[in-house]
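The structure under discussion appears below in the form of structure tokens.
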Amino acid sequence: MVIKESAEDYLESIYVLKMQKGNVRSIDVVNYHGVSKPSVSVAMKKLREDGYVTVDEAGFLSLTEKGHAVASRVYERHQVISEALMALGVDRETALVDSCKIEHVISKESFERLKAFLESRK
């Protein structure tokens, strides 16, 4: 199943916020992305329906196994790509913004080669 870039971004943000805060609510995702509450509400409904996210009685979001797999993959790509760009001399802010775009379109092969290259330099 192909998942849209925006859905990947929402899943990644839940993943990051969960690491930072422990519990995540929709309002945290709103603040993280700087988007409207209705936008996040619609996205969370779709992610729930597609089996990527659950919401408990208290309103806390959790990633399902399927959601966690997508979120952790996107997060790893973000980290590796931004590290690679900074290693090439790109300033941190630009590297972070660019990695957000590249993480969604880079092929598995290119990503794995980039990751291996970075690891070989350590």
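Before we move on, is V40 without any contact (Cβ under 8 Å) to a residue 12 or more places away in the chain and among the β-branched types (V, I, T)?
no
Please determine whether any residue of region 21-30 is over 30 Å from R121 (Cα atoms), touching a Ser or Thr at 6+ places or on another chain (Cβ under 6 Å) and not hydroxyl-bearing (S, T, Y).
yes
Could you list, ordered by first residue, the pairs with Cβ atoms under 8 Å in which the first is in region 65-94 and within 24 Å of I14 (Cβ to Cβ) and the second is among the basic types (K, R) and modelled with pLDDT under 95, at least 6 apart or interchain?
Once the first residue is within 24 Å of I14 (Cβ to Cβ) and sits in region 65-94, its partners that are among the basic types (K, R) and modelled with pLDDT under 95 give V80/K115.
The values are calculated or read from the model by the stated rules, or taken from the named source; none is laboratory data. All values reported here derive from a predicted model rather than from experimental measurement. So basically every Cβ, Gly included, is an ideal-geometry build from the backbone, and we count neighbours across all protein chains shown.
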